Amino acid sequence: MRQTHPFSVAERVNDVVRFTLDAHGADGSPVIELPVEQVRRLVTNAQQDLQDFLGLAGTWAEQHLPAHAAALTTALARALDLPPHHD
């Protein structure tokens, strides 16, 4: 049996963003609707959380892997699609 993955969609409808779990699935796929401004705040907060995580990971790497800290944080920043963290 072949397993199919949901085809998730986010679409803007006026001042609302509608997230559909599986747009190609059966009717009744879960849908979440959020105001555009709330989505912007959530995305901004998530970006800040990732940047904060990168900073903490860099501090940890400097303490535990000093010879590899720069390479590790650069690779992590690249994987997270973030600019390198500078204190």
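The values are calculated or read from the model by the stated rules, or taken from the named source; none is laboratory data. The structure presented is a predicted model; accordingly, all values stated were derived computationally and were not measured. All Cβ positions, even for glycine, are placed from backbone atoms using ideal geometry, and neighbour counts span all protein chains on display. Quick note on the areas: whole protein, heavy atoms, side chains included, nothing else; ligands and nucleic acids left out. Shrake-Rupley method; radii C 1.70, N 1.55, O 1.52, S 1.80 Å.
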Just need the Rg to Rh number for the range 32-72, please, alpha carbons only, Kirkwood Rh. 1.30
Hey, can you find the accessible area per residue of the chain for me, probe 1.4 Å, expressed in square angstrom? 81 Å²
Once the Cα atoms of helix 69-79 and of the chain are each reduced to a long axis, what angle between those two axes, in degrees from 0 to 90 to the nearest 10, is obtained? 10 degrees
Considering amide H positions built from the backbone, and no H for Pro or chain starts, which residues 5 or more places from GLY25, or on another chain, come under 5 Å of its amide H? PHE7
Which one of ALA79, ALA69, THR44 is farthest out on the positive end of the charge dipole of the chain, using unit charges on Cβ (Lys, Arg +1; Asp, Glu -1) and the Cα centre as origin? ALA79
Quick one: pull the percent of accessible area on the chain belonging to carbon and sulfur, 1.4 Å probe, ligands and nucleic acids left out. 57 percent
Considering the Cα positions of the chain, please state its Rg to one decimal place and its Dmax as a whole number of Å. 18.8, 54
Burial ranking of peptide ranges 52-59, 12-19 (average Cβ count within 10 Å, highest at the top): 52-59, 12-19
Angle, helix 36-64 long axis vs. longest principal axis of the chain, Cα atoms, 0 to 90°, nearest 10? 30 degrees
Note down the net charge around VAL39, summing +1 for each Lys or Arg and -1 for each Asp or Glu among other residues with Cβ under 12 Å from its Cβ. 0
I want to check the label-to-label distance for SER8 and HIS64. Put each point 7 Å from Cα in the C-beta direction and report it in nm to one decimal. 2.8 nm
